[in-house]
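Below is one structure, written out as C-alpha cells; comments come after it.
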Amino acid sequence: MTGTPARTLLLWCPDWPVLAAEIVDGVPATGPVAVLHANRVVACSERARAEGVRRGLRKREAQGRCPQLTVVDYDPGRDARAFEPVVAAVEELVAGVEVVRPGACAVAARGPSRYLGGEEAAAERIIEHVAQSCLVESQVGIADGVFAAGLAARSGRVVPPGGTPEFLAGLPVEALGRSALADLLRRLGVRSLGDFAALPAGDVLARFGFDGALAHRLAAGRDHRPLAVRQPPADLTVTAEQDEPIDRVDVAAFVARALAEQLHERLAGHGLACTRLGIEAVTEHGQELHRVWRHDGLLTAAAIADRVRWQLDGWLSGSSGRTGARPARPTAGIIRLRLIPDGVIAQAGLQAGLWGETGEERERAHRALSRVQGILGPEAVVTAVLGGGRSPADQVRLVPWGDERLPTRPGPAPLPGAPIARPGPAPLPGAPIARPGRAPLSGESIASGGGRAVSAGRPADHSAGGVPPWPGRLPAPAPAVVLPSPLAATVHDAAGEAVVISARLAVSAPPARLVVGTGRPAEIVGWVGPWPVDERWWAPAEARRRARFQVCLADGTALLLAVEGGQWLVEAIYD
C-alpha cells in the first residue's frame, strides 16, 4: 500500500513499566522509581525525572542523581500481565484492539469516531473509561498510521487527516527509536524527520539498508511497514486441544511454546511470516477469550511463544488495577488454545546457503531439543549464558532451552566493530605459566560489582566500551571445565613445607608440588598469582576473601587453584 495509511487511534500509558511494577509488585510509583534492563534505565517515574534521572543512564549514575531511587528489574511478562485489564477496558468500548506493546494498544479510528461522535469525543471517552475502570492515566493520539499515532499520543494530539507528514516533519530523528541511526543522521547533518523523508528512497536503502529504508517510510508518514498484509488461509491456524483443563500458568506456557513452534513451521512452509497474532482460548465452561498482538517486525517462534505466555499469564492470573478491579479469572481451566496469524507478509530477503536452506541445521537441532523437553520437561535441556563475575562459576548461568538468554550479572561489552577476543591455548606441557615470584597480572582497581581487588600490576582495563571489568576477574584464557564442587588440595614448596598466603598476599615460598585429595603428588612447573578477591566485606555474614592461582603441572595439566581460609582448592581445569 503506497497511499495514505488508515486512521489509527492509539492509547498510550506513560511510564508503563513503572506502573506495572506498582500494580503487580506494589512498588510506589509516586516516589522516585527506575526500571533497569542490562544495568541501564529503560523507564522512570515522574518524581525520578524531576531528580535528573533519564532513560539510558547507568544504575550508579541514576542513583548518584537520586539517592532515594527505588530500582526495579525490567520484566516484560509483568508489564504484559498488568496491561491486560487496560486492554479489556478499551475493548468494552471498541472492537478490534491490537496490542502494540505492553503500555500501548491501537484500534482503527473510523469505527469509534462514528459511534462515539467524532475522533476527539472517542479519545476522551476511552481515556475516561480506562481511568474509571483501572485507575490508570492514559493519553490518546490519532493520526494516519500506527507510528504517527504513537507519537501523537505522547502529546495527546489528534492529527488532521492528511496532516501526518507535516506533523512528523518537525520532530527530531530520535523519534524513530533507533539511536544508532539517529546518531549517524545527525553527524550527516540530517536532524529532523522532514529532512530524512526528503532524501531519495533508493539512496537511503543503498546507504542504510533495509532498516534505514523502513525508518525512511516512517519519517515520510507512511505506515510502519510495507503493507502486504492479507487475510491468511484458514489452514494456517493452529489449535491445541487439552484433555485436562489448564489452570496453571507454567503448564499453559509449555503448551504455548509447542504451539508457537507449530505455527512458525506452518508459516515458513508457505513462505510467510507473522506480523499480527491472534490468541484465542476456550474454557471448560465455554467461555471464549480473544486478544490480538501486533509487532513492528517479523514474529519469530520465540517471540510468538513469549506473547502467548504473557497473554495466558494475564488471563489466568486475573491481573488487577490499583484498587483490585480486575477482569475475573476464567470460570474454568482452558481446554482449547488457538493461534491465528491475523496478519502475514511474504518472508523475503533470506538467501539460501550453499548446502541447503539457511538455518536448516539450527532448526533441526531446535526441534530435537524441544522434543527432549517434551519428554523430560523444560528443565531437562539447558544452555549456558555468559555474564559478569569474578570466578568462572559466577560467569555462567544455565537457562532452559527456549527461555530468554539474559545474564544475571552485567559484563563488559566490546567496542562496536572491535573483534571479540578468543581464549588463547593452554600452556604447553612443561612450559611455565610465569616465573615464580612474579607480580600478579590482574591489577584491576576497585570498581563496581560488590568487591575489591587489591593486587598490584597493570592498571584497570576500561577499554571495553567504557565499562570497567569486574575487579579481580581472571584474565583469558577461560578454563574448559569448572568443577561443581571444588576439590581439597595441599601445596608444598621444594623443601616439603606447606605454602601459605599472608594477609598482605605474600607467598611464603614458590609452589613446587600439588596433592589433590588423597592422590599422588604432582610437580608444579609453572605458576602465576595470586589474584585476590575480597567480596561483600561490608556484610560480615556474607563476606568472602580468597586468592586464586594458575598452575601448570609436569604432565601438562593446567589448573585453577584458590586459597580460602588457609585451605587450597582446585576450582577448574584448563584444556
Original post:
Assuming Arg114 fulfils every condition listed in (1) within 28 Å of Gln311 (Cβ to Cβ); (2) over 28 Å from the mean Cα position of the chain (by Cα) apart from one, which condition is it?
Top reply: (1)
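One line per residue, one yes/no per condition, for (1) surrounded by fewer than 16 Cβ atoms within 10 Å (Cβ to Cβ); (2) touching a helix residue (DSSP H, G or I) at 6+ places or on another chain (Cβ under 8 Å); (3) modelled with pLDDT of 90 or more:
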site	(1), (2), (3)
Gly96	yes, yes, no
Val100	no, yes, no
Ala108	no, no, no
Gly118	yes, no, yes
Arg125	no, yes, yes
Gln132	yes, no, yes
Phe167	no, yes, yes
Glu174	yes, yes, yes
**OP:** Quick one: Ile345 ticks every box in (1) exposed (fewer than 13 other Cβ atoms within 10 Å of the Cβ); (2) at pLDDT 65 or above except a single one, so which number is it?
**Re:** (1)
Subject >> Selected residue (criterion: farthest from the chain's Cα centre (by Cα)) from residues of the range 35-60 that are open to solvent by less than 20 Å² (accessible area, probe 1.4 Å) and β-branched (Val, Ile, Thr) >> reply: Val53
Original post:
If you scan the range 19-34, which residues turn out to be closer than 12 Å to Asp73 by Cα and buried (at least 24 other Cβ atoms within 10 Å of the Cβ)?
Top reply: Ala20, Ala21, Val33, Ala34
**OP:** Name the single residue, out of those in the range 266-296 being without any contact (Cβ under 8 Å) to a residue 24 or more places away in the chain and out of contact with any Asp or Glu (no Cβ under 6 Å at 6 or more places or on another chain), that is most open to solvent (accessible area, probe 1.4 Å).
**Re:** Glu288
Original post:
If you check every pair at least six apart or on different chains, which have Cβ atoms under 9 Å apart with a residue in the range 96-123 that is in contact (Cβ under 8 Å) with a residue 24 or more places away in the chain and on the phi > 0 side of the Ramachandran plot first and a residue that is part of a strand (DSSP E or B) and open to solvent by 30 Å² or more (accessible area, probe 1.4 Å) second?
Top reply: Gly96/Ala108; Gly103/Trp12
Original post:
Here is a list of conditions, (1) among the polar types (S, T, N, Q); (2) in contact with a Lys or Arg (Cβ under 9 Å, 6 or more places away or on another chain); (3) crowded, with 19+ Cβ neighbours inside 10 Å, and Thr4 meets all of them except one; can you say which number that is?
Top reply: (3)
**OP:** Would you please name the residue that is nearest to Ala123 (Cα to Cα), looking only at residues in the range 143-157 that are surrounded by fewer than 21 Cβ atoms within 10 Å (Cβ to Cβ) and not basic (Lys, Arg)?
**Re:** Gly156
**OP:** Mind counting the residues in the range 557-574 that are closer than 15 Å to Ala522 by Cα, under 36 Å from the mean Cα position of the chain (by Cα) and free of Cβ contacts under 8 Å to residues at least 60 places away in the same chain?
**Re:** 1
**OP:** Among the residues of the range 67-94, write down those that are aromatic (Phe, Trp, Tyr) and surrounded by fewer than 24 Cβ atoms within 10 Å (Cβ to Cβ).
**Re:** Tyr74
Original post:
Within the group Leu259, Leu267, Leu181, Leu205, which residue is modelled with pLDDT of 85 or more, closer than 22 Å to Glu98 by Cβ and part of a helix (DSSP H, G or I)?
Top reply: Leu259
Subject >> Meets criteria (within 13 Å of Gly221 (Cα to Cα), modelled with pLDDT under 90 and not polar (S, T, N, Q)) for Gly145 >> reply: yes
**OP:** Go over the candidates Arg473, Arg545 one by one and state the one that is in contact (Cβ under 8 Å) with a residue 12 or more places away in the chain, open to solvent by 40 Å² or more (accessible area, probe 1.4 Å), under 23 Å from Gln395 (Cβ atoms) and outside any strand (DSSP E or B).
**Re:** Arg473
Subject >> Tally, over the range 484-532, of residues that are modelled with pLDDT under 85, closer than 15 Å to Arg548 by Cβ and surrounded by fewer than 17 Cβ atoms within 10 Å (Cβ to Cβ) >> reply: 1
Subject >> Failed item, numbered, when Pro232 is tested on (1) open to solvent by less than 30 Å² (accessible area, probe 1.4 Å); (2) over 30 Å from Ala152 (Cα atoms); (3) modelled with pLDDT of 80 or more >> reply: (3)
Original post:
Looking only at residues in the range 176-212 that are surrounded by 18 or more Cβ atoms within 10 Å (Cβ to Cβ) and under 29 Å from the mean Cα position of the chain (by Cα), which one is farthest from Gly150 (Cα to Cα)?
Top reply: Phe208
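The values are calculated or read from the model by the stated rules, or taken from the named source; none is laboratory data. Only a predicted model underlies this, so the values are computations on that prediction, with no experimental measurement involved. Every residue, glycine among them, receives a Cβ derived from its backbone with ideal geometry; neighbour counts consider all protein chains shown. Note: areas computed on protein heavy atoms with side chains; ligands, DNA, RNA excluded. Shrake-Rupley method; radii C 1.70, N 1.55, O 1.52, S 1.80 Å.
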